[in-house]
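Some notes on the structure that comes next.
Derivation of every value follows stated rules applied to the coordinates shown; laboratory data play no part. Note that the structure is a prediction, hence the values are computed from the model and not measured. Cβ placement follows ideal geometry from the backbone for every residue including glycine, while neighbour counts extend to all protein chains displayed.
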Amino acid sequence: MQNNIILAGVGGQGILSIAAVIDLAALHCDLHIRQAEVHGMSQRGGAVQSHLRISDREIHADLIALGRADLVISVEPLEALRYLPFLSPEGRMVTATEPFVNMPDYPSLDALLTELRRTGSPLLVDAATLAREAGSPRTSNMVMLGAAAPFIALDPSQLEAAIGKIFEAKGEDTVAMNIRAFRKGLALSQP
Amino acid sequence: MNRQLLLGAEAAALGALDAGISGVYAYPGTPSTEITEYIRKNREAALRGVRSSWSANEKTAYEAALGMAYAGKRALVAMKHVGLNVAADAFINSAITGVNGGLVLAVADDPSMHSSQNEQDSRFYGRFAMVPVLEPASQQELYDAVRYAFDLSESVKLPVMLRLTTRLAHSRAGVVRAPLHAENPLHAVLEPERYVLMPQNARKQYNLLLGKQENLERLSEESPLNRMVPGTFPVGVLAFGIACNYAMEVRETFGLDVPVLKISHYPPPRRQIAELFESCETVLVAEEGYPVYEELLRGWFNDRNIRGRMDGTLPRAGELDTVLMARALGVALPEPAPVPTIVVNRPPELCRGCGHRDLFEALNRVMESFENRHVFSDIGCYTLGALPPFNAIHTCVDMGASITMAKGAADGGLRPAVCVIGDSTFTHSGMTGLLDAVNDRTPVTVIIADNDTTAMTGGQESAATGTRLHALCRGLGVEEQHIRTIIPLKPHLEENIAVLSQEIAYDGVSVVLARRECIENAARRKRSKNPNPVNQ
Ligand SMILES: Cc1ncc(C[n+]2csc(CCOP(=O)(O)OP(=O)(O)O)c2C)c(N)n1
């Protein structure tokens, strides 16, 4: 088993929390992990991504090769398209649909959705609404993780347990809210 | 086995703690910052009293580490690649004196310039100084290599360079710890013949260093960090550091049985390399950085049957990856899907509510009235003022250069000569330039954007901020009435414009301190007071 996942978003949107949850769950399953992330300049509102690889065999490279990602999880629709060259022909695209606009030439949402639909059968998630329902807009990253969970080579219950651990220090309410968000996402792809 | 998930930078830090360091000295810089941050946050390190606060710059950091090693203790010094330019004098000369306790320099290079001005390759400095260089390929190997580096440093009595690159420093993997090596006892020895580098001593010491080279190469030949993966493919890969990972990936993904000689311990082992050349029709030299060794090997082997970055088989610039390696080995790959044309770039930007924004707004208003609108600047978050909508600054070269470049331009006749520098950059290497300007009475206006932190690299403590900056400028000889403080906030805009205009009009050295806390830091402070913040 080898699972290559690209996480995409804008600096500050919380993709590293998604990575931390998957990492921890994979660690508990005794899998090999490599997870490359972006620190520094780009974190100031720039495009950020993380290459996350889990496998039952040794992993050599920290980076996923072009055309070899099994899954792209994006918390922002424009950012999802940026990593299209990485997606394998059989790969899945799971993206939030709410744009994060911080540049003047940001394309229209319609144009974005058209391009996204052209990629095959992307899972388009209204993460913002589901996150608000879960209790806070800040949980939209966990909504996205839930929606993508069926395409990750880990049991959703393992991911849920890892969410509990990652947010433990922030209190029970935060854990409960993030798990609610995760389940709302999961329900989309596992009705 | 108890695995911990660590960034490469953190694995280096933990490796150093477990190797028994008594201190780490560093100035922040991507991708090296997390080495020191990890040690600063580590409870065991705090209990042990491992010294870990930030240094004023890389040179002071390196020299303090050298002093700790002089006293017989193990010391780690960490910096980014361009930081080694600043510390180079100390580094090169410490190879001549040699060390007593172990001294390891962890230096993180940034090929592809994700967060840097250039992609210089620190291995050049390693060769220049003639010290061993280790370049591990995985996080576990990195953890283990740090201890190996300290042992090596103490056995050959030389500083050892540990070279990391972005992809290793900023990627996480499982790491298993080794038992703790106790800290060294204090053991300072009076050896002025080694440490006083007057010519008669320096010549002896230099000859000693030259005499060590043969042994250093022998140690590389036997190093556990260098190893051969045999294969039947006619093209072999000589893979330095993490280049090995991409070669191994090609072997597995494309079923190509390429022989791979992995080198992670320099000076390069000549015998092993010669064997690779003898057993392969062609050798692809793969280095994550400059073609430092490819150039050398083309000489050794008469430029025959060598491929690499110098002949375009691999690109001359930028980091490597699996696809580049596969193509260099002749694997035909389908073109990946293109990025749709509507996908525009998303450059980084100053945070909403950042004080630098208000400073640039005021400065732009002032500069509008001049024909010459050059604003010299420096490295930090405020460098983002070069981008729209501000377009407020026009240079960013190396830390500290804003003041000295403005001074030189003023000497050449440019009026006004204005520069913007951050608090951390000012204490890093701006102060000495200000002294030059004071001594020459050069008409320059130095704006210190004091956000009370080293923001660009994640909010580390700056060496001096606030009233201490004022006192420093005063001490360097700037006149009291020409050290002004402004608060970069909307309601102060007109007042700030007035102060800036007055000081720019002054025909001498003036300093404007623009003081307002970084909003990211303010938010971090608030979060740490609030026990139940929401999501990260
Ligand atoms: C020689 C050198 N060391 C370190 C760095 C990394 N670096 C870039 S900006 C910066 C921080 C600057 O802080 P400050 O001047 O206070 O500005 P701020 O980011 O807070 O606005 C650092 C450490 C570098 N580019 N060059």
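Segment A:91-130 and segment B:205-264 have Cα centres lying 45 Å from one another. Placing a label point 7 Å from the Cα of A:D30 along the Cα-to-Cβ direction, the residues of segment A:1-24 whose backbone N falls under 18 Å of that point are A:1-2, A:24.
The alpha-carbon of B:K262 sits under 28 angstrom from the alpha-carbons of these lysines, leaving out residues fewer than 8 places away in its chain: B:K80, B:K157, B:K212. Residue exposure proxy: B:M68, B:M79, B:M405, B:M198, ordered by other Cβ atoms within 10 angstrom of their Cβ from fewest to most, comes out as B:M198, B:M405, B:M68, B:M79.
Looking at segment A:1-82, send over the antiparallel percent of its DSSP beta bridges, to the nearest 5.
Percent antiparallel among DSSP bridges in segment A:1-82 is about 80.
Each part gets one Cα centre, and for segment A:36-71 versus segment B:277-352 those centres are 19 Å apart. Only one residue of A:A47, A:L63, A:L16 has its Cα farthest out toward the positive end of the dipole of segment A:1-76, where Lys and Arg carry +1 and Asp and Glu -1 on Cβ, and that residue is A:A47. Could you tell me which of B:L219, B:P136, B:V176 has its Cα farthest along the dipole of segment B:3-221 towards the positive end, charges placed at Cβ (Lys, Arg +1; Asp, Glu -1), taken about the Cα centre? In segment B:3-221, that residue is B:V176.
3J(HN,Hα) along segment A:176-183, derived from phi through the Karplus expression 6.51 cos²θ - 1.76 cosθ + 1.60 where θ = phi - 60°, amounts to 4, 5, 5, 5, 4, 4, 4, 5 Hz, with x in place of Gly and Pro. The label-point distance for A:V101 and B:T467, in a model that sets each label 7 Å from Cα toward Cβ, rounds to 4.7 nm. Its relative contact order, with pairs defined as Cα atoms under 8 Å and 6+ residues apart, puts chain A at 21 percent.
Think of it as helices only: each DSSP H run of n ≥ 4 in chain B is worth -39500 (n - 2.57), and spread over all residues that comes to -12500 deg cm²/dmol at 222 nm. Going by neighbour counts of Cβ atoms within 10 Å, the residues B:H492, B:H356 line up, fewest first, as B:H492, B:H356. This ranking places B:T467, B:T313 by how few other beta-carbon atoms lie within 10 Å of each, fewest first, which gives B:T467, B:T313. Each Lys and Arg contributes +1 and each Asp and Glu -1, all at the Cβ; summed about the Cα centre of the protein assembly as shown, the dipole is approximately 940 debye. Taken about its Cα centre, segment B:3-221 carries a charge dipole of roughly 340 debye when the Cβ of each Lys and Arg holds +1 and the Cβ of each Asp and Glu holds -1. Counting DSSP beta bridges with both partners in segment B:355-522, what percentage is antiparallel, nearest 5? Restricted to segment B:355-522, the bridges split so that about 5 percent are antiparallel. With both labels modelled 7 Å from their Cα along Cα-to-Cβ, the B:E479 to B:A522 distance reads 3.4 nm.
Normalised by the number of residues in segment A:46-134, the average gap of Cα pairs under 8 Å and 6 or more apart makes the relative contact order 25 percent. For chain B, the antiparallel share of DSSP beta bridges with both residues in that region comes to about 20%. Summary value for chain B: 11 percent relative contact order, contacts being C-alpha pairs under 8 angstrom separated by 6+ residues.
Restricting the GluC sites (Glu not before Pro) of segment B:164-230 to loop positions (DSSP other than H, G, I, E, B) with no more than 16 neighbouring Cβ atoms within 10 Å leaves B:E222.
Tally Lys/Arg at +1 and Asp/Glu at -1 over every other residue whose Cβ is under 14 Å from the Cβ of B:N2; what's the total? My count for the surroundings of B:N2 gives 0. Cysteines in chain B lacking any other cysteine Cβ under 4.7 Å from their own Cβ: B:C244, B:C280, B:C381, B:C396, B:C419, B:C473, B:C518. Using a simple spin-label model with pseudo-atoms 7 Å out from Cα toward Cβ, B:K204 and B:D303 lie 4.5 nm apart.
When the Cα gyration tensor is reduced to axis lengths a ≥ b ≥ c, the ratio a/c stays below 1.5 for chain A, which is therefore classed as rounded.
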